[in-house]
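S.K.: Take this structure, written in structure tokens, and hold onto it; I'll ask about it next.
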Amino acid sequence: MRNYENLVIVKPTFTAEEIQASVKAIEEVITSNGGQIAATNAMGMRKLAYPIEKNERGYYYVIYYTIAPAAIAEIERRYRINEDLLRFVTIKYDTKREIAAFNSLVEKANKAAEASAAAATPAKEEAPVAEESAPTTEEAPAVEEAPVAPATEAAAE
């Protein structure tokens with residue numbers, strides 16, 4: 001399994017619901033081919049550098065995932081068939097330095113998603129915590145996280 005990133009640009013003429021349906025279809029293509037999505041980043045509507053199919057703008061969406069290299073050909077074939085997409089690019093993270101950059105990008109995307117989710121939910125009053133009536137006998141096992149190498153110059157490339 002290797003790490004990949006896909007940047008897709010969806011047509012701007014869609015409504016918000018149609019864009020979300022198109023994004024879900026893109027994610028389904030990856031998961032149906034055995035991929036595991038690590039993070040996503042909805043970058044929103046942006047101006048294109050040049051018009052594509054008479055469109056001046058596009059909805060940018062980035063997906064970070066791991067998948068077997070043999071499945072990439074099928075994913076890109078399905079992207080080419082999809083008329084909702086203006087452009088797409090697949091980036092492979094191969095070397096140790098690139099993998100460290102991939103991990104930092106996934107971490108940033110997850111933090112951004114958490115921040116936007118926290119901003120979207122209204123602030124609720126803190127409810128008083130009820131005392132437990134009976135202590136539990138089972139405790140969750142401690143999980144050690146693998147250390148993530150800090151991204152230095154890799155994120156700039």
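Any read-out appearing in this document is the output of simple, stated calculations on the displayed coordinates, not a laboratory observation. Predicted model, so just to flag it, every value in this text is computed and none were measured. In this analysis, Cβ positions are derived from the backbone assuming ideal geometry, glycine residues included, and neighbour counts consider all displayed protein chains.
S.K.: Against the definition (among the β-branched types (Val, Ile, Thr) and within 11 Å of Ile9 (Cβ to Cβ)), how does Val23 come out, yes or no?
M.R.: Judged against the criteria, Val23 is not a match.
S.K.: Can you pull out every residue in the range 68-85 that is under 16 Å from Thr31 (Cβ atoms), of a type outside the set (A, V, I, L, M) and assigned to a loop (DSSP other than H, G, I, E, B)?
M.R.: The one that is under 16 Å from Thr31 (Cβ atoms), of a type outside the set (A, V, I, L, M) and assigned to a loop (DSSP other than H, G, I, E, B): Asn82.
S.K.: Another one. For the range 32-52, name all the residues that are within 14 Å of Tyr79 (Cα to Cα) and without any contact (Cβ under 8 Å) to a residue 24 or more places away in the chain.
M.R.: Once the filter is applied, which keeps residues that are within 14 Å of Tyr79 (Cα to Cα) and without any contact (Cβ under 8 Å) to a residue 24 or more places away in the chain, the range 32-52 yields only Ser32.
S.K.: Further question: Say we look at the range 47-87 and pick out the residues that are out of contact with any Lys or Arg (no Cβ under 7 Å at 6 or more places or on another chain) and of a type in the set (Phe, Trp, Tyr); which of these is surrounded by the fewest Cβ atoms within 10 Å (Cβ to Cβ)?
M.R.: Going through the qualifying residues, I end up with Tyr50.
S.K.: If a residue must be of a type in the set (Lys, Arg) and more than 23 Å from the chain's Cα centre (by Cα), how many such residues does the range 37-57 contain?
M.R.: 1
S.K.: Let me ask you something else. Could you grab me the full set of residues in the range 54-105 that are of a type in the set (Val, Ile, Thr) and in contact with a strand residue (DSSP E or B) (Cβ under 8 Å, 6 or more places away or on another chain)?
M.R.: Of everything in the range 54-105, those that are of a type in the set (Val, Ile, Thr) and in contact with a strand residue (DSSP E or B) (Cβ under 8 Å, 6 or more places away or on another chain) turn out to be Val62, Ile63, Thr66, Ile67, Ile72, Ile75, Val89, Thr90, Ile91, Ile99.
S.K.: Same structure, new question: Working only within the range 25-42, note down all residues that are of a type outside the set (A, V, I, L, M) and touching a strand residue (DSSP E or B) at 6+ places or on another chain (Cβ under 8 Å).
M.R.: Matches in the range 25-42: Glu27, Thr31, Asn33, Gly34, Gly35, Gln36, Thr40, Asn41.
S.K.: Considering every residue within the range 95-105, establish whether at least one is in a helix (DSSP H, G or I), in contact (Cβ under 8 Å) with a residue 24 or more places away in the chain, under 12 Å from Asn6 (Cβ atoms) and of a type outside the set (A, V, I, L, M, F, W, C).
M.R.: Among the residues of the range 95-105, not one is in a helix (DSSP H, G or I), in contact (Cβ under 8 Å) with a residue 24 or more places away in the chain, under 12 Å from Asn6 (Cβ atoms) and of a type outside the set (A, V, I, L, M, F, W, C), which makes the answer no.
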